[in-house]
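One structure is given below, encoded as structure tokens.
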Amino acid sequence: MPDLDVVAPVFDLRGPDLLGHRGLLHSLGFAAVLAGALTVAFFRTERPRVFALLFFAGASHGLVDLFTRGDVGVALFSPFSRARLLSPLRPLPVCPLGVPEYFGKLGAIVLFDELLLLLVPLAIVTRVIRRFRDGEAPSRALTTVTLGWVLVTATLWLLLPALFAPTRERLLRGYGARGSDEDLGWIPKDRLPEQQLVTRFSSLEPLLGRELTPAEVPWSGSFFPAWFGSEAGRWADSRFTLLARTLTGTSPPAVAGDPAGLAPTEKYDLAHDDPSWAATRASLDDTHNRRPRPRFWFGLCNGVAAASMNRPEPYRTVEVVSPSGRAVRFHPIDVKALLAKSYYWGAENSILGGICQVSAFDVGERCSMNPGGLFVATLNTLGRARRSFMVEVHPTAQSQYYAVAAARVDVTRPAYARTTEPVEEGLAPRIDRLVDVDFSFTLSSTMLPLASEDEPASRDGDYQRVGLHPVPFTWSATLALDASGDVIGGRWRGEPGNGPDNVAFSEGGPLLVDGGTGLEANPHLDWPFIDALAKASVDDTAPTPRLTLDGGSP
């Protein structure tokens, strides 16, 4: 029951939230309420004993999670306190998210650890208590089992420490060679004052301690997940139907049905009088009909984030008249889906920090971007250029991009000399002093439920803008400065000591093929049409925005 909150990210709920993962459902209060409800509903006798048993059974889940390494702490006393607690001793690993991980080597190690460190000792303790209760001394067999368990555990702990997933020490790291994932050259300079990237801490200091915002605040939306069909999903269908389509595969309708109930790409094909459903089939081949199936979190989050940074939010229904005279209505959710696909691959996209493609117990140590890079990117792009950028918040193989709506960087410990802070080989001679900072980001959600706020607000078909749905993220880090005061790297602090995977920059519009008309992400989708559709969806001068296609072009 407590781990039902594993779906919290699907509803854009994070660790600090009441219903976030390891939040309220892992608390002692929830265990008491659940035990009480079950006791009253299903038992008529010995209710105090039944309640005690069920309460301790439910509470044990959160208590055991206190001893795990690699995940957020447990809100044991929620809702009265949202403090996240962890034990100083945490020998139990947490399996990374994903079916291949759960049923592979990592999942097997987790099961072995729980057997060795939980079930066997609990069985021993239970047997000792039972014999003590019955007035019997521990048997020779029980003593042998106990000593054997101690010997095996101690031997494995010494010889195979990786079985117990120790967190690796976070080192002060530099950026790496030119052209590497951490090279600051990936940060666009075109919109910076004098096209100069500033890395000197003292020059950026005036931007510290205050909220930085972009000139245009990005809007929020769904990331159009693959398990709902992405841009080929029929949003009028039930979630069960969309999931069934994902699991079994599907095809476009043989005969055009009611355009109002069709997917964005199906409407696109109808508006272009395309009986082959070329755009829809290409999209389905990238989602429902792909073999092997994509990761369940696969979607268009980076496309939504990039579109929200570069385009006004669609909020009006647009009527498109096909060359044959068919009228097809595109709702805001349809326009957003097509924009998200368009901006999925950008003409001048760049990424600082690389993309995580590994699964491990302490994957954050390997995949978190350099905090010095986040510091320089934030204060230059957001602070100096007043331009938003994207943050990929998961330092794992899972990806979720958000556009930055605001950020604040605070110094928590002014410049000090390095003493015992761990550092990677070769960087130590370059470090002159260290600075501790906290990053506080307000990100624009790309995980809103589909059509959650794109439904008609009144009978005349007008819609409301979704606007900004803020998602807070915070990280703590130590920055390394050289003798000239330049930020040359850093390391993450906190529990766990992780930061975002990477930051990405979207410039130059969608990446196009076929002479500058088709999208790289789906060549069957025509960018001039999508561009005209998006412009019409923000046109408030006409009672009903309308496009007429002549030979397939608006």
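Considering only residues that are touching a Lys or Arg at 6+ places or on another chain (Cβ under 7 Å) and either free of Cβ contacts under 8 Å to residues at least 40 places away in the same chain or closer than 20 Å to VAL404 by Cα (or both), which ones fall in the stretch 308-344? The answer is GLU313, PRO314, LEU339. Here the helices (runs of 4 or more DSSP H) wholly within the stretch 19-120 that include at least 3 residues being surrounded by 18 or more Cβ atoms within 10 Å (Cβ to Cβ) and among the small types (Gly, Ala, Ser) are 47-65. For the stretch 41-88, the candidate set comprises residues that are among the β-branched types (Val, Ile, Thr) and farther than 13 Å from ARG22 by Cα; within that set, the residue that is farthest from the chain's Cα centre (by Cα) is THR45.
Annotation note: of SER458, SER444, SER399, the sole residue that is hydroxyl-bearing (Ser, Thr, Tyr), at pLDDT below 95 and crowded, with 16+ Cβ neighbours inside 10 Å is SER399. Might you let me know whether the stretch 266-278 holds any residue that is among the hydrophobic types (A, V, I, L, M, F, W, C), over 22 Å from LEU448 (Cβ atoms) and out of contact with any Leu (no Cβ under 8 Å at 6 or more places or on another chain)? The answer is yes, given that some residue of the stretch 266-278 is among the hydrophobic types (A, V, I, L, M, F, W, C), over 22 Å from LEU448 (Cβ atoms) and out of contact with any Leu (no Cβ under 8 Å at 6 or more places or on another chain).
Of the residues that make up the stretch 126-149, is at least one basic (Lys, Arg), assigned to a helix (DSSP H, G or I), free of Cβ contacts under 8 Å to residues at least 24 places away in the same chain and surrounded by 11 or more Cβ atoms within 10 Å (Cβ to Cβ)? There is at least one residue in the stretch 126-149 that is basic (Lys, Arg), assigned to a helix (DSSP H, G or I), free of Cβ contacts under 8 Å to residues at least 24 places away in the same chain and surrounded by 11 or more Cβ atoms within 10 Å (Cβ to Cβ). Just one of the numbered conditions (1) closer than 30 Å to ALA536 by Cα; (2) surrounded by fewer than 16 Cβ atoms within 10 Å (Cβ to Cβ); (3) in the same structural domain as LEU450 (by TED's automatic domain parsing) is not true of PRO214: (2). Residue count for the stretch 242-259 under the criterion of being among the aliphatic types (A, V, I, L, M) and part of a helix (DSSP H, G or I): the result is 4.
Taking (1) surrounded by fewer than 20 Cβ atoms within 10 Å (Cβ to Cβ); (2) farther than 30 Å from ASP181 by Cβ; (3) within 31 Å of the chain's Cα centre (by Cα) in turn, GLY518 satisfies each apart from (2). From the list VAL150, VAL110, VAL128, VAL94, the one residue that fits, being β-branched (Val, Ile, Thr), assigned by TED's automatic domain parsing to the domain that holds SER27 and at pLDDT below 85, is VAL94. Restricting ALA236, ALA263, ALA254, ALA271 to those that are among the hydrophobic types (A, V, I, L, M, F, W, C) and within 19 Å of TYR343 (Cα to Cα) reduces the list to ALA263. Here is the figure for the stretch 422-437: residues that are within 16 Å of GLY494 (Cα to Cα) and either surrounded by fewer than 17 Cβ atoms within 10 Å (Cβ to Cβ) or not assigned by TED's automatic domain parsing to the domain that holds VAL411 (or both) total 1.
Inside the stretch 481-509, can you point out the residues that are assigned to a strand (DSSP E or B) and modelled with pLDDT under 95? ARG493, the sole residue that qualifies.
The values are calculated or read from the model by the stated rules, or taken from the named source; none is laboratory data. The model shown is predicted, which means the values in this text are computed figures rather than measured ones. Positions of Cβ are generated from backbone atoms using ideal geometry, with glycine treated the same way; all protein chains shown enter the neighbour counts.
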